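One structure below.
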Amino acid sequence: MAQICDVCGKRPSTGHNVSHSNRKSPRRWNLNLKVTRALVNGAAKRIRVCTRCIRSGRVIKVA
């Protein structure tokens with residue numbers, strides 16, 4: 001499953017691991033995604049949300 005936030009659409013960023021000898025190998029910085037139950041169009045639904053969206057109040061959690 002893709003690492004994409006369902007609220008803001010944030011995706012993993014890419015770059016390189018750089019060793020002491022300055023050799024580069026590809027790497028990914030993945031998101032901190034959490035599966036939460038949230039209100040979506042008036043119904044409770046499980047969505048994958050980044051922690052920044054949870055902290056900023058963009059997600060209305062359902063108990």
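The values are calculated or read from the model by the stated rules, or taken from the named source; none is laboratory data. Everything numeric here is computed off the predicted structure, so don't read it as measured data. Cβ coordinates were reconstructed from backbone atoms using ideal geometry, including for glycine residues, and neighbour counts include every protein chain displayed.
Here are a few things to note about the model shown:
- Screening ASP6 against (1) without any contact (Cβ under 8 Å) to a residue 12 or more places away in the chain; (2) part of a loop (DSSP other than H, G, I, E, B); (3) within 14 Å of the chain's Cα centre (by Cα) leaves a single unmet condition, (1).
- Residue that is nearest to ARG55 (Cα to Cα), among those in the range 9-22 that are free of Cβ contacts under 8 Å to residues at least 40 places away in the same chain and part of a loop (DSSP other than H, G, I, E, B): GLY9
- Tabulated pairs, the range 44-63, first closer than 18 Å to GLN3 by Cβ and of a type in the set (Val, Ile, Thr), second modelled with pLDDT under 95 and not in a loop (DSSP other than H, G, I, E, B), C-beta under 8 angstrom, 6+ apart or interchain: ILE47/VAL40; ILE54/LYS61
- Test: residue in the range 8-27 that is exposed (fewer than 14 other Cβ atoms within 10 Å of the Cβ), in contact with a Gly (Cβ under 8 Å, 6 or more places away or on another chain) and of a type in the set (D, E, K, R): yes
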